[in-house]
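**Student:** Supplied in structure tokens, the structure appears directly below.
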Amino acid sequence: MHRMRVLALAAVVAGSAFIPATATAPLTSAAPPPCSEEPRENPISEFTSYDELLVELDRIERVSAGRVAVEKVGESNRGRDMLLARVGSGPKVVLITAEIHGNEKTGPDAALDLLDYLGTSNSAHARKIREQLTVVAMPKINPDAGALDRRGNDMTWEEAQARFPQLVTAQAPWNYYTEQRQGDDYSQRPGFDVNRDYNPNLDYQPQPQDFPGASDEPGWFLSPETQAVRDVYKSLRDEFGAVDTYIDLHHQGACYTVPGTDRFVTMSLSGRFVADPATPEGSAYAEFADTYRPDYSKQLNVAAYNALQAAANQNPDFGNITLYPQDTNLPGTGLGSFQLNGSGAVLFEVRGQTQTLGEQHRKMLTRAVYIGLDGILSSIASGQVGNLDPADYDRIPPTDRGPQAKSTITEIEN
């Protein structure tokens with residue numbers, strides 16, 4: 001195992017004003033270094049495997065002296081345990097999920113580092129978070145995909161139909177993979193992009209007329225993986241009245257740059273996943289207008305951004321943070337679904353997936369995720385998140401994606 005302890009830098013900046021991007025290189029239009037999005041076989045042994053996750057969660061629970069509780073909350077389609085770890089006793093709950101795409105692997109490592117720190121540290125910072133928040137982490141919510149090192153889960157349309165007999169005559173959904181995707185061949189082991197399988201109606205049951213669907217329409221809770229996450233969310237909402245914050249940890253392309261520079265993006269952030277239900281554009285979800293909190297999502301993202309900019313004094317790469325494209329409308333994602341249901345929402349999109357970067361920059365990228373998470377938790381626990389200006393969210397530099405078309409990006413990211 002390759003755990004690392006990271007100092008809680010974000011506590012210093014949790015309530016600070018917007019921190020401009022660190023000027024680590026001149027703002028020129030110089031071409032970035034060579035970089036390729038061509039899928040290839042890369043080593044991934046340094047990332048935490050499913051079996052290692054079981055061992056590590058057991059260790060953290062044991063050494064935390066009762067602070068961290070681990071429980072099984074479901075099983076993947078291939079029977080792997082879906083685990084949840086909980087730490088803290090505060091009145092606000094923060095739900096963190098990672099590796100919904102099995103080729104996006106820094107999230108589980110960062111989540112384990114965070115649980116280790118919160119469970120074992122007696123620092124004032126850790127105590128404050130434990131007293132003010134209840135942090136719930138699901139480090140691998142698609143363990144079958146993680147074992148296969150691919151985006152989609154391991155589930156056939158016929159298996160889905162067997163779970164839901166009412167779908168026997170329905171057409172397979174648009175997010176069902178049976179072809180090449182990101183260098184992986186799904187023809188022999190099909191699967192679903194389960195991050196398109198959520199629905200804003202948390203009690204929804206699949207209906208044949210809703211298939212095959214589309215990327216800008218809700219999903220169906222077909223997979224046991226999304227069902228487990230949904231059930232955890234509903235349980236936490238019942239217990240706390242609301243899930244204050246939902247953070248989902250992802251990866252994106254390896255070759256995007258900070259605009260006007262030759263610096264590769266370390267991570268992109270976003271707090272927008274669906275159209276505002278109070279506007280004509282989002283009128284299909286008008287019933288969620290009273291629970292949708294876009295400004296709070298923006299403040300949470302600013303907290304993460306500020307923490308990373310402050311940490312750029314340690315490593316300039318932490319300053320290479322951009323805003324994920326804002327013209328997305330993805331109600332079938334967990335972020336879209338839970339944001340409509342009242343949670344402040346944050347997307348982390350870390351540089352590169354395993355088929356492009358493999359283990360390159362693993363420690364730095366994992367630490368960047370940790371720092372961003374700590375910045376959010378610190379800001380909520382201190383109450384300073386409410387002092388952050390939502391307008392600063394729109395000052396985060398956009399991502400320079402080069403010639404890649406946006407319509408293609410939303411199919412293979414987030």
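**Student:** Tell me, which residue of the stretch 217-267 that is aliphatic (A, V, I, L, M) and out of contact with any Gly (no Cβ under 9 Å at 6 or more places or on another chain) is nearest to R351 (Cα to Cα)? Can you show your working first?
**Tutor:** At the first step, the residues of the stretch 217-267 found to be aliphatic (A, V, I, L, M) are 222, 228-229, 232, 236, 242-243, 247, 249, 254, 258, 265, 267.
From the residues that got through so far, the ones that are out of contact with any Gly (no Cβ under 9 Å at 6 or more places or on another chain) too are 222, 236.
Numbers: L222: 29, L236: 31 Å.
So the residue we want is L222.
**Student:** Exactly one of (1) out of contact with any strand residue (DSSP E or B) (no Cβ under 6 Å at 6 or more places or on another chain); (2) open to solvent by less than 10 Å² (accessible area, probe 1.4 Å); (3) in a helix (DSSP H, G or I) is unmet by S297. Its number?
**Tutor:** Single failed check for S297: (1).
**Student:** While we're here: Can you name the residue in the stretch 147-163 that is in contact with a Phe, Trp or Tyr (Cβ under 7 Å, 6 or more places away or on another chain) and open to solvent by 10 Å² or more (accessible area, probe 1.4 Å) and is also nearest to Q209 (Cα to Cα) among such residues?
**Tutor:** Checked the stretch 147-163; the qualifying residue nearest to Q209 (Cα to Cα) is W157.
**Student:** For P331, state whether it is open to solvent by less than 10 Å² (accessible area, probe 1.4 Å), assigned to a loop (DSSP other than H, G, I, E, B) and at pLDDT 95 or above.
**Tutor:** It is true that P331 is open to solvent by less than 10 Å² (accessible area, probe 1.4 Å), assigned to a loop (DSSP other than H, G, I, E, B) and at pLDDT 95 or above.
**Student:** Give just the number: which of (1) open to solvent by less than 10 Å² (accessible area, probe 1.4 Å); (2) over 28 Å from F240 (Cβ atoms) does G375 not satisfy?
**Tutor:** With (1) open to solvent by less than 10 Å² (accessible area, probe 1.4 Å); (2) over 28 Å from F240 (Cβ atoms) applied to G375, the lone miss is (2).
**Student:** Within the group A126, A98, A172, A145, which residue is in contact (Cβ under 8 Å) with a residue 24 or more places away in the chain, within 28 Å of D216 (Cβ to Cβ) and touching a Leu at 6+ places or on another chain (Cβ under 6 Å)?
**Tutor:** Residue meeting the stated conditions: A98.
**Student:** Mind listing whichever residues of the stretch 334-356 are under 23 Å from P173 (Cβ atoms) and surrounded by fewer than 24 Cβ atoms within 10 Å (Cβ to Cβ)?
**Tutor:** Across the stretch 334-356, the qualifying residue is only N341.
**Student:** Give the stretch 334-360 a look and list any residue that's assigned to a loop (DSSP other than H, G, I, E, B) and either basic (K, R) or farther than 14 Å from L202 by Cβ (or both), or say none.
**Tutor:** Restricting attention to the stretch 334-360, the residues satisfying the condition of being assigned to a loop (DSSP other than H, G, I, E, B) are 341-343, 352-360.
Once the filter is applied, which keeps residues that are assigned to a loop (DSSP other than H, G, I, E, B) and either basic (K, R) or farther than 14 Å from L202 by Cβ (or both), the stretch 334-360 yields G352, Q353, T354, Q355, T356, L357, G358, E359, Q360.
**Student:** Check the stretch 384-392 and report whether any residue there is touching a Phe, Trp or Tyr at 6+ places or on another chain (Cβ under 9 Å), among the acidic types (D, E) and in a helix (DSSP H, G or I).
**Tutor:** Yes, because at least one residue in the stretch 384-392 is touching a Phe, Trp or Tyr at 6+ places or on another chain (Cβ under 9 Å), among the acidic types (D, E) and in a helix (DSSP H, G or I).
**Student:** A further question on this structure: Can you name the residue in the stretch 393-414 that is in a helix (DSSP H, G or I) and over 30 Å from V93 (Cβ atoms) and is also modelled with the lowest pLDDT among such residues?
**Tutor:** Result: S407.
**Student:** Also: Considering only the stretch 256-280, how many residues are closer than 19 Å to N201 by Cα and either in contact with a His (Cβ under 9 Å, 6 or more places away or on another chain) or open to solvent by less than 10 Å² (accessible area, probe 1.4 Å) (or both)?
**Tutor:** Final tally of qualifying residues: 4.
**Student:** Mind listing whichever residues of the stretch 47-100 are at negative phi, open to solvent by 60 Å² or more (accessible area, probe 1.4 Å) and either assigned to a loop (DSSP other than H, G, I, E, B) or among the β-branched types (V, I, T) (or both)?
**Tutor:** Residues satisfying the conditions are V55, V63, R67, R78, R80, S89, P91.
**Student:** Determine if the stretch 357-367 includes at least one residue that is touching an Asp or Glu at 6+ places or on another chain (Cβ under 7 Å), hydrophobic (A, V, I, L, M, F, W, C), touching a residue at least 12 places away in the same chain (Cβ under 8 Å) and open to solvent by less than 10 Å² (accessible area, probe 1.4 Å). Lay out the reasoning, then the answer.
**Tutor:** Within the stretch 357-367, the subset touching an Asp or Glu at 6+ places or on another chain (Cβ under 7 Å) is 359, 362, 364, 366.
Applying the additional criterion that residues be hydrophobic (A, V, I, L, M, F, W, C) yields 364.
Filter once more, keeping what is touching a residue at least 12 places away in the same chain (Cβ under 8 Å): 364.
So of that shortlist, the ones also open to solvent by less than 10 Å² (accessible area, probe 1.4 Å) come out as none.
No, the stretch 357-367 has no match at all.
**Student:** Mind listing just one residue for me: the one in the stretch 101-125 that is open to solvent by less than 20 Å² (accessible area, probe 1.4 Å) and among the polar types (S, T, N, Q) and, of those, nearest to N414 (Cα to Cα)?
**Tutor:** Of everything passing the filter in the stretch 101-125, N103 is nearest to N414 (Cα to Cα).
**Student:** Select from the stretch 306-326 the residues that are surrounded by fewer than 24 Cβ atoms within 10 Å (Cβ to Cβ) and out of contact with any helix residue (DSSP H, G or I) (no Cβ under 7 Å at 6 or more places or on another chain) and write down the one among them that is farthest from G146 (Cα to Cα).
**Tutor:** Here the residue is N313.
**Student:** Does Q384 qualify as being open to solvent by 10 Å² or more (accessible area, probe 1.4 Å) and either closer than 18 Å to S297 by Cα or among the aromatic types (F, W, Y) (or both)?
**Tutor:** So Q384 passes the test.
**Student:** Follow-up. Look at the stretch 263-291 and say how many of its residues are in contact (Cβ under 8 Å) with a residue 60 or more places away in the chain and either within 23 Å of G107 (Cα to Cα) or of a type in the set (V, I, T) (or both).
**Tutor:** Result for the stretch 263-291: 11.
The values are calculated or read from the model by the stated rules, or taken from the named source; none is laboratory data. Computed from a predicted structure; not experimentally measured. For neighbour counting, all protein chains shown are included, and Cβ atoms are generated from backbone atoms with ideal geometry for every residue, glycine included. What goes into the accessible areas is simple: the full protein's heavy atoms, side chains included, and nothing from ligands, DNA or RNA. Shrake-Rupley method; radii C 1.70, N 1.55, O 1.52, S 1.80 Å.
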